[in-house]
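**Student:** Here's a structure for you.
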Amino acid sequence: MKIVDVQVRTFWHTTHLEKDTDGHDHPGPARQVRKSLLTLVAENGVEGHAFASPEQVRPHLVDSYVRPVLFKQDAFARERLWQDLAHWQRGSGGQLSDRTLGVVDVALWDLCGKLAGLPSYKLAGSYRDKVPTYGSIMCGDEIEGGLAKPDDYGRFAEWLVKRGYQAIKLHTWMPPVSWSPNIEMDLKACAAVREAVGPSVPLMLDAYHWYSREEAYALGKGLEALNFTWIEEVMDEQSMSSYAWLAAELKIPVIGPESMGGKYKHRAEWVKAGACDILRTGVEDVGGITPALKTMHLAESFGMNCEVHGHGAENLLISAVSKNCRWYERGLLHPMLDYDACPDYLNAIDDPMDSEGYVSLSQQPGIGVDINLDYINSNLVV
Ligand SMILES: O=C(O)[C@H](O)[C@@H](O)[C@@H](O)C(=O)NO
Ligand SMILES: [Mg+2]
């Protein structure tokens, strides 16, 4: 089944998120932002879609790499098309990022599911049809009634557990919060959450990403005393040897890498170096569903779990087709944001969670994103 067209639509939508100077999301006033939809059209008219930032699917990348690689190719040749596109990264002079690879790969998986009349996770071979879910709390802030104090985290975590989440991950305070980073405050927030939810709920910490080895060690020992399940991205992930040192020093499992490039091959080096006890992947981080599955299988070969970074149907798919993955990361969550509110460009959210803390996979053909194309076509950026 040949691909006969590659299209990009960029549209306006309303967001209630704003990024701080470190790139972390926080609640903000409603504002209009641009978003793009990449569409692959098969010769029988069936379409596969994936959302992207406009920069990830800008004309230079689509015209120079995406369309030349995909045009008139068999949509089901996902492995070869991903390899061909990845091969262009070196020759693109750093322009063709893993993020763009990921968008194209997600659109291919969506197209193949729709062509086969199957939910795309079934194409990979499902392991389960619903995934246990943890609540991933947003980075701390200085907002009254937000996440400004340890007790704010405690109260919110208590609410999340009552909502059904089976585990909770904190992102604590980071710059530009004026008094951060601060290990003592990180541990006070973790202690407040442990106190609020009791001893049996699995808890994880994802903190300031540039602590020193000594600071990360002190944080890790504090988490061990609170019986936390893992410690995440507390040092610069560019120093793999620092993580190998930390993993050797701590009992609490060290998870990573999240933000590093290098796809599954760099993650193989982390496993070989003993730099993590739990591996981490994510469709955006490693360049798509195809390489994320390779990362998951790499971890399985070493008897390791691999946890998936990020929310959305494509990351849910990875969790649903993998035995060595405990949870789906739902978030980011904040007391002032209604995560279950449907964005204007969708007809329904990707990941509705039941009261038991499970997100079920969509049984519709494709990756399970219910796009409001009428809204998109009525709000195009001209
Ligand atoms: O660093 C960020 O932008 C956020 O913390 C984000 O990556 C968050 O989803 C995360 O780290 N999850 O593990
Ligand atoms: Mg993280």
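**Student:** Looking at this structure, is R99 touching a Pro at 6+ places or on another chain (Cβ under 8 Å), of a type in the set (K, R) and either crowded, with 18+ Cβ neighbours inside 10 Å or not assigned by the TED database to the domain that holds E314 (or both)?
**Tutor:** no
**Student:** Do we have Y339 as surrounded by fewer than 23 Cβ atoms within 10 Å (Cβ to Cβ), more than 15 Å from ligand 1 (Cβ to nearest atom) and of a type in the set (F, W, Y) here?
**Tutor:** No: the conditions fail for Y339.
**Student:** Let me ask something else. Could you please give the count of residues in region 107-165 that are outside the structural domain of H24 (by the TED database), acidic (D, E), crowded, with 18+ Cβ neighbours inside 10 Å and touching a strand residue (DSSP E or B) at 6+ places or on another chain (Cβ under 7 Å)?
**Tutor:** 1
**Student:** Tell me yes or no: at least one residue of region 15-23 is in contact with a helix residue (DSSP H, G or I) (Cβ under 9 Å, 6 or more places away or on another chain) and either part of a loop (DSSP other than H, G, I, E, B) or open to solvent by 20 Å² or more (accessible area, probe 1.4 Å) (or both).
**Tutor:** no
**Student:** Kindly indicate which of T290, T229, T281, T295 is farther than 23 Å from Y208 by Cα, β-branched (V, I, T) and within 16 Å of ligand 2 (Cβ to nearest atom). Please lay out each step first, then the result.
**Tutor:** Working: T290 fails: within 16 Å of ligand 2 (Cβ to nearest atom); T229 fails: farther than 23 Å from Y208 by Cα; T281 fails: farther than 23 Å from Y208 by Cα.
None of the others qualify; the one that does is T295.
**Student:** Further, regarding this structure: Determine whether region 216-238 contains at least one residue that is within 29 Å of Q95 (Cα to Cα), more than 14 Å from ligand 1 (Cβ to nearest atom), open to solvent by 10 Å² or more (accessible area, probe 1.4 Å) and out of contact with any Lys or Arg (no Cβ under 6 Å at 6 or more places or on another chain).
**Tutor:** Among the residues of region 216-238, at least one is within 29 Å of Q95 (Cα to Cα), more than 14 Å from ligand 1 (Cβ to nearest atom), open to solvent by 10 Å² or more (accessible area, probe 1.4 Å) and out of contact with any Lys or Arg (no Cβ under 6 Å at 6 or more places or on another chain), which makes the answer yes.
**Student:** Would region 79-94 turn up any residue that is farther than 27 Å from K323 by Cβ and among the hydroxyl-bearing types (S, T, Y)?
**Tutor:** Checked against the condition, which is being farther than 27 Å from K323 by Cβ and among the hydroxyl-bearing types (S, T, Y), region 79-94 yields at least one hit.
**Student:** Spot the failing condition for Y328; the list is (1) within 13 Å of ligand 1 (Cβ to nearest atom); (2) touching an Asp or Glu at 6+ places or on another chain (Cβ under 6 Å), and only one is missed.
**Tutor:** It fails just one condition, (2).
**Student:** Could you identify the single residue in Y328, Y339 that is in contact (Cβ under 8 Å) with a residue 12 or more places away in the chain and not hydrophobic (A, V, I, L, M, F, W, C)?
**Tutor:** Y328
**Student:** Do we have any residue at all in region 124-134 that's in contact (Cβ under 8 Å) with a residue 40 or more places away in the chain, closer than 30 Å to N182 by Cβ, touching a Leu at 6+ places or on another chain (Cβ under 6 Å) and part of a loop (DSSP other than H, G, I, E, B)?
**Tutor:** Within region 124-134, not a single residue is in contact (Cβ under 8 Å) with a residue 40 or more places away in the chain, closer than 30 Å to N182 by Cβ, touching a Leu at 6+ places or on another chain (Cβ under 6 Å) and part of a loop (DSSP other than H, G, I, E, B).
**Student:** Still on this structure: Could you please find all residues in region 367-382 being over 25 Å from R58 (Cβ atoms) and touching an Asp or Glu at 6+ places or on another chain (Cβ under 7 Å)?
**Tutor:** G368
**Student:** For the subset of region 248-264 comprising residues that are under 19 Å from the mean Cα position of the chain (by Cα) and either surrounded by fewer than 24 Cβ atoms within 10 Å (Cβ to Cβ) or hydroxyl-bearing (S, T, Y) (or both), which member is nearest to R326 (Cα to Cα)?
**Tutor:** Applying the filter and picking the extreme gives E258.
**Student:** Hey, any hits in region 70-87 for a residue that's modelled with pLDDT under 95 and more than 22 Å from F228 (Cα to Cα)?
**Tutor:** no
One line per residue, one yes/no per condition, for (1) assigned to a helix (DSSP H, G or I); (2) within 16 Å of ligand 1 (Cβ to nearest atom); (3) aromatic (F, W, Y):
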| site | (1), (2), (3) |
| --- | --- |
| H266 | yes, no, no |
| V271 | yes, no, no |
| D285 | yes, yes, no |
| K294 | yes, no, no |
| G303 | no, no, no |
| G310 | no, yes, no |
| I318 | yes, yes, no |
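**Student:** On the basis of being open to solvent by 20 Å² or more (accessible area, probe 1.4 Å), within 16 Å of ligand 1 (Cβ to nearest atom) and among the polar types (S, T, N, Q), does S64 make the cut?
**Tutor:** Spelling it out, it is not the case that S64 is open to solvent by 20 Å² or more (accessible area, probe 1.4 Å), within 16 Å of ligand 1 (Cβ to nearest atom) and among the polar types (S, T, N, Q).
**Student:** A follow-up question, please. Looking only at region 191-214, filter to residues that are within 15 Å of ligand 2 (Cβ to nearest atom) and among the hydrophobic types (A, V, I, L, M, F, W, C); which one of those is nearest to I143 (Cα to Cα)?
**Tutor:** A207
**Student:** Inside region 292-307, can you point out the residues that are surrounded by 24 or more Cβ atoms within 10 Å (Cβ to Cβ) and in contact with a Phe, Trp or Tyr (Cβ under 7 Å, 6 or more places away or on another chain)?
**Tutor:** T295, E307
**Student:** Checking P175 against (1) closer than 18 Å to R280 by Cα; (2) within 15 Å of ligand 1 (Cβ to nearest atom), which test does it fail?
**Tutor:** The failed condition is (1).
**Student:** Let me ask something else. Just name the residue that is farthest from I137 (Cα to Cα) out of those in region 24-41 that are among the aliphatic types (A, V, I, L, M) and surrounded by fewer than 18 Cβ atoms within 10 Å (Cβ to Cβ).
**Tutor:** Within region 24-41, the match that is farthest from I137 (Cα to Cα) is V41.
**Student:** For the condition in contact with a Phe, Trp or Tyr (Cβ under 7 Å, 6 or more places away or on another chain), over 24 Å from D351 (Cα atoms) and assigned by the TED database to the domain that holds L187, what is the one hit in V234, V286?
**Tutor:** Going through V234, V286 in turn, the sole match is V234.
The values are calculated or read from the model by the stated rules, or taken from the named source; none is laboratory data. These figures come from a predicted structure and were not determined experimentally. Counting neighbours? That spans all protein chains shown, and the Cβs are built from the backbone with ideal geometry, glycine included. These area figures cover heavy atoms from the full protein model, side chains too; ligands, DNA and RNA do not enter into them. Shrake-Rupley method; radii C 1.70, N 1.55, O 1.52, S 1.80 Å.
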